[in-house]
Amino acid sequence: MAEFDLVVRGGTVVTGADTVRADIGIRGGKIAAIADRLGGPNEIDAGGLLVLPGGVDTHCHIEQLREDGTADEETWASGSASCLAGGTTSVVTFSTQFKGHGILEPLADYRRRAKHSLVDYSFHQVITDATDEVIFKEIPQVVAEGIRSLKVFLTYDPLHLDDRSYLRVLAAARRNGALVTVHCENYEAIGWRTEALLAAGHTSAKYHSWSRPSIIEREATHRAIALAEMVDQPIQVFHVSCAEVAEEIARAQYRGLKVWAETCTQYFVLTAQDQDRPGFEGAKYMCSPSPRDAAEHARMWDVIRRGTIDVVSSDHSGWCYEGTRGKRMNGSDVSFRDIPNGVPGLAARLPVMFSEGVSKGRIDINHFVRLTATNPAKLFGLPGKGSIAVGYDADLALWDAGKKVTIDNATMQQAIDYTPYDGLDVTGWPVATLLRGQVAMRDGRVQAEPGSGRFLARAPYDLIKPRGVLPDGFDASAWA
Ligand code: DUC
Ligand code: ZN
Ligand code: ZN
């Protein structure tokens, strides 16, 4: 019997720490050896290529349930194929809650849908209604099933939580050993500015960013951190859009708090000015927090280099531009308030960040791997993912660092009918993606079958344990 099922030969293996010339021997879906001159009957030639850990995208919306019983247009089959096309092998998506309802029923539905995935997956549990039933009965059950992160929104109708409800979720997470992830924008301030903008006749997509300037994100980030500090509950701040928000997080990290930061691809290449395109086009670039101006991109690279940002995700959202279920769900002649937020980006994430970061010399390749694979896997408790080591899953992206591609929607291989990165020239592209030792994408052709992805139940892990530091020693989370 051959020693290995497959050998990846002749590549340059890159982890979050090291870059070495080595072959990789794979057995039973796992990395069995990393050494010089391995061989066997089945080899894949990685000569001239980088061998990266498969990407781990810990914030993306795939086939997310809607309140009317339908789901977003990006299905598990299409979204996960897009992941493979872009070198990503694991995702964490969202099981939702609808106000007035519990979390168990939508979770069961979502689990059924996710069985079609071509990549490995786990979920965050969104909490939009912090009832006693949800807080004391359902969250413990869901976390015990391995869904070890809760997502809260401090803005958005009808998702947002007020401060008291946010505190209750933080406390529930602390009791049950989960991480809390937070969408930080000030609900009341956005509502107030939106009302004023609409009254002044400022209705087009461009005013989306005017309704939510960066100070609104900074205030909510500060508040989210302060309340988490009071409860002694670790959090991850999602989609940091600008340096002034990252500074709030850096201050918290300096004080020793367990506060981690995520940003997304769009905050390095899109701008608020993209929303000012003619007609309805601006809707294609509308997401929250809003992209800022072009000067912010350089400031974001600075905070990346300083180490404040831990994760880069896609925040891929399933809204098509055409048709009646996506960006135009409320019509094509509506104000910015009624256009759904979010941009697609599953396949674009690694190529855009590699090109803008590594190819342009802003970060080194190991930092790129940490941001896009190693850190997300560690922070969300996915052992065996996000790095290349003996015993790890053989999830690999074989990467041509010199390949030049102009992004268009066909290269994204997604169900969404546009990409906001259309026309962007990138240097660096995945030529093959392996999931647990199986070649799942080669030369742009996705060859994995729907259902080949596995649910990743997340066990308790030390990184997200509370610090044990409470303002006056009184643990309110034991009581409420
Ligand atoms: N913002 C979010 O918080 N989620 C999805 C899309 C978006 O723009
Ligand atoms: Zn969000
Ligand atoms: Zn999101």
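The values are calculated or read from the model by the stated rules, or taken from the named source; none is laboratory data. Just so you know, these numbers come straight off a predicted model, no measurement behind them. Reconstructed Cβ throughout: ideal geometry from the backbone, glycine too, with neighbour counts over all protein chains shown. Calculation scope for accessible area: heavy atoms of the full protein, side chains included, ligands and nucleic acids excluded. Shrake-Rupley method; radii C 1.70, N 1.55, O 1.52, S 1.80 Å.
Filter region 129-168 for residues that are out of contact with any helix residue (DSSP H, G or I) (no Cβ under 9 Å at 6 or more places or on another chain) and open to solvent by less than 10 Å² (accessible area, probe 1.4 Å); which is nearest to ligand 1 (Cβ to nearest atom)?
Result: Lys151.
Could you grab me the full set of residues in region 214-248 that are within 16 Å of ligand 3 (Cβ to nearest atom) and either open to solvent by 10 Å² or more (accessible area, probe 1.4 Å) or part of a helix (DSSP H, G or I) (or both)?
Matches in region 214-248: Glu217, Ala220, Thr221, Ala224, Val245.
Of the residues that make up region 219-236, is at least one more than 29 Å from Ala478 (Cα to Cα), polar (S, T, N, Q) and within 16 Å of ligand 2 (Cβ to nearest atom)?
For region 219-236, residues more than 29 Å from Ala478 (Cα to Cα), polar (S, T, N, Q) and within 16 Å of ligand 2 (Cβ to nearest atom): absent.
Taking the condition open to solvent by 10 Å² or more (accessible area, probe 1.4 Å), farther than 15 Å from Thr419 by Cα and at pLDDT 95 or above, does Asp315 pass?
no
Which residues, taken from region 286-307, are open to solvent by 10 Å² or more (accessible area, probe 1.4 Å) and not charged (D, E, K, R)?
Those that are open to solvent by 10 Å² or more (accessible area, probe 1.4 Å) and not charged (D, E, K, R): Ala294, Ala295, His297, Ala298, Gly307.
Taking region 291-329 only, how many residues are part of a loop (DSSP other than H, G, I, E, B) and within 16 Å of ligand 1 (Cβ to nearest atom)?
Count: 13.
Filter region 305-354 for residues that are in contact with a helix residue (DSSP H, G or I) (Cβ under 9 Å, 6 or more places away or on another chain) and among the β-branched types (Val, Ile, Thr) and give the result.
The answer is Thr308, Ile309, Val311, Val312, Ile339, Val343, Val352.
For region 34-60, how many residues are in contact with a Phe, Trp or Tyr (Cβ under 8 Å, 6 or more places away or on another chain) and either farther than 24 Å from Arg370 by Cα or polar (S, T, N, Q) (or both)?
Here the count works out to 4.
Hey, among the residues in region 58-87 that are within 16 Å of ligand 1 (Cβ to nearest atom) and of a type in the set (Gly, Ala, Ser), which one's nearest to Tyr121 (Cα to Cα)?
Among those residues, the one meeting the criterion is Gly79.
Being more than 16 Å from ligand 1 (Cβ to nearest atom) and more than 29 Å from Arg174 (Cα to Cα) is true for just one of Ala226, Ala205, Ala246, Ala196. Which residue is that?
It is Ala196.
Could we say that Met329 is closer than 26 Å to Leu65 by Cβ and at pLDDT 95 or above here?
Criteria met by Met329.
Considering only region 290-318, how many residues are free of Cβ contacts under 8 Å to residues at least 24 places away in the same chain and either under 18 Å from the mean Cα position of the chain (by Cα) or under 19 Å from Val358 (Cβ atoms) (or both)?
The number of residues fulfilling the criteria is 2.
Helices (runs of 4 or more DSSP H) wholly in region 365-480 with at least 2 residues that are in contact (Cβ under 8 Å) with a residue 12 or more places away in the chain and touching a strand residue (DSSP E or B) at 6+ places or on another chain (Cβ under 7 Å) - which ones?
365-369, 375-379
How about region 32-64: which of its residues are more than 30 Å from Thr263 (Cα to Cα) and in contact (Cβ under 8 Å) with a residue 60 or more places away in the chain?
Of everything in region 32-64, those that are more than 30 Å from Thr263 (Cα to Cα) and in contact (Cβ under 8 Å) with a residue 60 or more places away in the chain turn out to be Ala32, Ala33, Ile34, Ile44, Ala46, Gly48.
For region 34-60, which residues satisfy the criterion of being open to solvent by less than 20 Å² (accessible area, probe 1.4 Å) and either over 30 Å from Asp315 (Cα atoms) or not in a strand (DSSP E or B) (or both)?
Ile44, Ala46, Gly54, Thr58, His59
Name the residues in region 331-360 that are within 16 Å of ligand 1 (Cβ to nearest atom), within 22 Å of the chain's Cα centre (by Cα) and not in a loop (DSSP other than H, G, I, E, B), would you?
Listed by number, the residues that qualify are Val343, Arg349.
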